[in-house]
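Here is the structure we will look at.
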Amino acid sequence: MGYFSSGVQKLVVLKALAVATLVLFILSPCYSQQLDIVAACFTIRDMVEDGNGTIWVGTFGAGLWEKNSEGTRLFSASVDKQPFPMISNLLLDGNKLWIATAGGGCVCFNTKTRSFEPVKQLKGFSKLHGLFKTSGNELLIGSVGSGTAILNSKAQNPAWENIASRTLQHLSWVNHIDEWEGKIWLGTATGLYHTNARDLKKNWAPASAGLGEGVNHLFPTKDLLYISTTTRGVFAMKPGKQPFPIADTFGEIYFVTRFRDKLIGGGKYGLWEIKNKKGYQISSFPDFAAKSFLVTKNNTLFIGTMDGRIISTEDLKEFNHVLNLQQLVSEGAK
């Protein structure tokens, strides 16, 4: 019970704390001249659903939230101030909720015991974007400036360790990590890179895949790897070939995913359905940037926005507002 915010005071100061955190993290991609700085702190960066149907919502400044049948509540930091309120990525592995943050490293919360498990953090890896579990059950994190690290789970206390003793500049800012065609793929601020997935620590020599463009997200399918870029829409590539653009997608793209047998891309300018190497913008989607997504166990698509809203759809035609975190905080503070 102590982990949840229920008092008026915490809700009153939440916006102030989020703004202070954002100012300290000057290089944060949360910042934009087009966004109100307080609204940007409520950006929903990731969502996951656990075995009990609880949806965990990570924001980039307003902390971690929990949505279930009892309502939506702010998850209060533990006594050692975990998790850091700027959350980049969430990964659910059984009862373990891994939380990658932009200031507090990557921590592990046990949803069954409702306690944080000890994980030794690594110097230079406090600000993170990437978080991924390989087919070999290895957990990787991608940092803002220090490259990629791997979890040593065999230690008495699990600890993050450097994959490489020296990180090249073009591999230092890692936004996304995925696996495809027996390789680990890195989507970085400078492009797309890959390396052998068999022995990460010995063979860590990522090679360029020929995309001279920043990458936000990767989505592998059987035949294609879809690449969400930072300015030029969606690209795709076949095994052993060069990336090619998906026509009529544009601007910054934050994700590509599959929903009800359709391929969907989300970005700064809304949603697209991708088919036949072309993007078709979904005009019925509200005028919000589609920042993150979750396909629930009930096969509903949740879209997280840059101002703290969750929008849902069953058919990509009708969209409903499920939650507005800013409004929730404002009403709770009255």
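Is it the case that some residue within the stretch 239-255 is touching a Leu at 6+ places or on another chain (Cβ under 7 Å) and hydrophobic (A, V, I, L, M, F, W, C)?
There is no residue in the stretch 239-255 that is touching a Leu at 6+ places or on another chain (Cβ under 7 Å) and hydrophobic (A, V, I, L, M, F, W, C).
Which of the residues that make up the stretch 139-189 are touching a residue at least 12 places away in the same chain (Cβ under 8 Å), surrounded by fewer than 20 Cβ atoms within 10 Å (Cβ to Cβ), among the small types (G, A, S) and farther than 18 Å from S126 by Cβ?
S153, A155, A164, G182
Here is a list of conditions, (1) in contact with an Asp or Glu (Cβ under 6 Å, 6 or more places away or on another chain); (2) under 28 Å from T195 (Cα atoms); (3) not hydroxyl-bearing (S, T, Y), and G279 meets all of them except one; can you say which number that is?
Unmet for G279, out of (1) in contact with an Asp or Glu (Cβ under 6 Å, 6 or more places away or on another chain); (2) under 28 Å from T195 (Cα atoms); (3) not hydroxyl-bearing (S, T, Y): (2).
Restricting to the stretch 263-284, name every residue that is of a type in the set (K, R) and touching a Leu at 6+ places or on another chain (Cβ under 7 Å).
K275
In this structure, does S146 turn out to be closer than 30 Å to W204 by Cα and more than 20 Å from the chain's Cα centre (by Cα)?
The answer is no for S146.
Could you run through the stretch 186-197 and say how many residues are within 16 Å of the chain's Cα centre (by Cα) and not in a loop (DSSP other than H, G, I, E, B)?
Result for the stretch 186-197: 3.
Applying the selection to the stretch 223-264, what residues are within 23 Å of G130 (Cβ to Cβ) and charged (D, E, K, R)?
Within the stretch 223-264, R232, E252, R258 meet the criteria.
Looking at the stretch 316-330, can you tell me whether even one residue there is assigned to a strand (DSSP E or B), under 28 Å from I177 (Cα atoms) and either in contact with a helix residue (DSSP H, G or I) (Cβ under 6 Å, 6 or more places away or on another chain) or aromatic (F, W, Y) (or both)?
no
Out of the residues in the stretch 87-133 that are in contact (Cβ under 8 Å) with a residue 24 or more places away in the chain and basic (K, R), state the one that is surrounded by the most Cβ atoms within 10 Å (Cβ to Cβ).
Among them, the one singled out is K127.
Residue by residue through the stretch 256-289, note down the ones that are in contact with a Lys or Arg (Cβ under 8 Å, 6 or more places away or on another chain), crowded, with 18+ Cβ neighbours inside 10 Å, part of a strand (DSSP E or B) and of a type outside the set (V, I, T).
Within the stretch 256-289, L263, G266 qualify.
Take G136 and tell me if it is over 18 Å from the mean Cα position of the chain (by Cα), surrounded by 15 or more Cβ atoms within 10 Å (Cβ to Cβ), in a loop (DSSP other than H, G, I, E, B) and not aliphatic (A, V, I, L, M).
No, not satisfied.
Condition check: at pLDDT 95 or above, under 22 Å from G58 (Cα atoms) and aromatic (F, W, Y). Does F319 satisfy that?
yes
In the stretch 203-234, what count of residues is obtained for those that are β-branched (V, I, T) and in a loop (DSSP other than H, G, I, E, B)?
Residues meeting the conditions: 3.
What's the total number of residues in the stretch 198-221 that are under 17 Å from the mean Cα position of the chain (by Cα) and touching a residue at least 40 places away in the same chain (Cβ under 8 Å)?
6
Search the stretch 294-313 for residues that are under 15 Å from K67 (Cα atoms) and outside any loop (DSSP other than H, G, I, E, B) and pair each with any residue that is at pLDDT 95 or above and of a type in the set (K, R) when their beta-carbon atoms are under 6 Å apart and the residues are at least 6 apart or on different chains.
Correct list of pairs: G304/K291.
Is at least one residue of the stretch 288-299 among the β-branched types (V, I, T) and either within 23 Å of L225 (Cα to Cα) or touching a Phe, Trp or Tyr at 6+ places or on another chain (Cβ under 7 Å) (or both)?
Within the stretch 288-299 (the criterion being among the β-branched types (V, I, T) and either within 23 Å of L225 (Cα to Cα) or touching a Phe, Trp or Tyr at 6+ places or on another chain (Cβ under 7 Å) (or both)), the answer is yes, since at least one residue qualifies.
I'd like to know if the stretch 62-69 contains one or more residues that are surrounded by fewer than 23 Cβ atoms within 10 Å (Cβ to Cβ) and among the hydroxyl-bearing types (S, T, Y).
Checked against the condition, which is being surrounded by fewer than 23 Cβ atoms within 10 Å (Cβ to Cβ) and among the hydroxyl-bearing types (S, T, Y), the stretch 62-69 yields at least one hit.
Just for the stretch 158-196: of the residues that are modelled with pLDDT under 90 and of a type in the set (A, V, I, L, M, F, W, C), which one is nearest to I227 (Cα to Cα)?
Among those residues, the one meeting the criterion is L168.
Can you go through C106, C30 and tell me which one is within 14 Å of the chain's Cα centre (by Cα), modelled with pLDDT under 95 and either more than 26 Å from N298 (Cβ to Cβ) or acidic (D, E) (or both)?
Sole residue among the options that is within 14 Å of the chain's Cα centre (by Cα), modelled with pLDDT under 95 and either more than 26 Å from N298 (Cβ to Cβ) or acidic (D, E) (or both): C30.
The values are calculated or read from the model by the stated rules, or taken from the named source; none is laboratory data. If you're wondering where the values come from, they're calculated on a predicted model, not measured in any experiment. Every residue, glycine among them, receives a Cβ derived from its backbone with ideal geometry; neighbour counts consider all protein chains shown.
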